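The values are calculated or read from the model by the stated rules, or taken from the named source; none is laboratory data. Source: prediction; values computed, not measured. For neighbour counting, all protein chains shown are included, and Cβ atoms are generated from backbone atoms with ideal geometry for every residue, glycine included.
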Amino acid sequence: MRIDRKTTLTAALLVLGWAAVSVDGGPGVRAASTSGQVSDTHVFDEVAPGVYFAAGTGALNVASNAMVVVNEEDVVVVDSHITPDAARALIQSVKAVSAKPIRYLINSHFHFDHAHGNQAFPEGVEIIGHEYTRERLLGNVLDEPTYRVIGSPPAQRKIIAALESQLDGATGKARESLQLRIAALERHVKALGEVRPTPPTITLKHKMTLFRGSREIRILHLGRAHTGGDVVVYLPAEKILFTGDLFYDGPPYLGDSFPEEFVAALERLKAIEFETIVPGHGPLVRDPRKIGVRQDYIRRYRSEVSALRKQGLSAEEAAARLSFAGFGHYPGLESRNRGTVGLEIRRMYQELEGKRVSAR
Ligand SMILES: [Zn+2]
């Protein structure tokens, strides 16, 4: 995880909490490591027999991690990346570790960087997600603020322009790396044109368990948190937990969140007996104390925003004024994109004002 990259670039690339749309070293992307590389596009780390942590190599913008679970008769995939283009590369990469058919795709939540590859999975693959995830993906997600500000083609073109403006001063390897990133992002923008949000075909409200041969796969909703319908995928025998954006080692995107309930959901996450977390972004996590760091970050953020509101500032003014300087939870917070911060603060204002936020 690169936390020392140039500030301007970080600001441009920070998306749903992390640098999920970066193409060279942001979470979900592991250009530096070739161990476990199964294709040009993917590295698969086998975290238990038949259970793979799937991340991108940087050749293609996949934007988020996936998990691949190979069972006796079939394969279960968790999360579908950011575009059908990225999902097709994931499906192709799965063939390098198993000839068995993919039977289920599970969506951790509705956000574009985890679910906009859904349509690439072949007919017959059932998509499992929370009922809220289905509701949102049936709605007009391509017109909503999170996608418009962060994921849309115009937002991505701004990032390309920022990278291009750095080309002039860059030479040698740095220039080469910039060019590769620009090429991957240009392919990404083209791929965005193909996206047709595709909802789960099977939904759950609280809990569902798949028994695939001897494999037990639990899908659990721990309460509203990063969105209204996050689920985690828990393998109790292997003590592996896929957490999507409910938890990874970095600041969460809060623009579609339920901040107060988020802290409580993380408390429930702590109670699950796990050894390895496969997060939605970034590297594997084995230290459970990091969940507490995320809780502290959300509490601190809420209390700062609440104080600014009490001073009479509008959400927009608060977004310009808020300083992350004293937070100390994660490095690089000061350079977070202010457009993204604005979406988060608007959301917290809604919560503080007691507006009904249940539907969105
Ligand atoms: Zn998300």
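A quick yes/no check of all residues on (1) within 16 Å of the ligand (Cβ to nearest atom); (2) under 20 Å from the mean Cα position of the chain (by Cα):
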{"residue": "Asn118", "(1), (2)": "yes, yes"}
{"residue": "Glu123", "(1), (2)": "no, no"}
{"residue": "Pro153", "(1), (2)": "no, yes"}
{"residue": "Thr171", "(1), (2)": "no, no"}
{"residue": "Leu185", "(1), (2)": "no, yes"}
{"residue": "Val189", "(1), (2)": "no, yes"}
{"residue": "Ile202", "(1), (2)": "no, no"}
{"residue": "His206", "(1), (2)": "no, no"}
{"residue": "Arg215", "(1), (2)": "no, no"}
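Yes/no matrix, rows are residues, columns are (1) closer than 23 Å to Asp143 by Cβ; (2) modelled with pLDDT of 95 or more; (3) within 16 Å of the ligand (Cβ to nearest atom):
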residue	(1), (2), (3)
Asp168	no, no, no
Arg212	no, yes, no
Arg218	no, yes, no
Phe242	no, yes, yes
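Just one of the listed residues (Arg187, Arg224, Arg196) is touching a helix residue (DSSP H, G or I) at 6+ places or on another chain (Cβ under 6 Å), outside any strand (DSSP E or B) and surrounded by fewer than 18 Cβ atoms within 10 Å (Cβ to Cβ), and it is Arg196. Of the residues making up segment 56-69, not a single one is away from the ligand (no atom under 16 Å from the Cβ), under 21 Å from Ile217 (Cα atoms), touching a His at 6+ places or on another chain (Cβ under 8 Å) and in contact (Cβ under 8 Å) with a residue 24 or more places away in the chain. For the condition among the aromatic types (Phe, Trp, Tyr) and within 16 Å of the ligand (Cβ to nearest atom), what is the one hit in Tyr234, Tyr147? Step by step, each of Tyr234, Tyr147 is checked, and only Tyr147 is among the aromatic types (Phe, Trp, Tyr) and within 16 Å of the ligand (Cβ to nearest atom). Condition first: buried (at least 20 other Cβ atoms within 10 Å of the Cβ) and part of a helix (DSSP H, G or I). Can you find one or more residues in segment 168-183 that meet it? Yes, the conditions are met somewhere in segment 168-183. Could you tell me which residue of segment 95-114 is farthest from the ligand (Cβ to nearest atom), considering only residues that are hydrophobic (A, V, I, L, M, F, W, C) and surrounded by fewer than 24 Cβ atoms within 10 Å (Cβ to Cβ)? In this case the residue turns out to be Ala99.
If only residues of segment 298-318 that are among the small types (Gly, Ala, Ser) and either assigned to a helix (DSSP H, G or I) or on the phi < 0 side of the Ramachandran plot (or both) are counted, the one that is surrounded by the fewest Cβ atoms within 10 Å (Cβ to Cβ) is Ser303.
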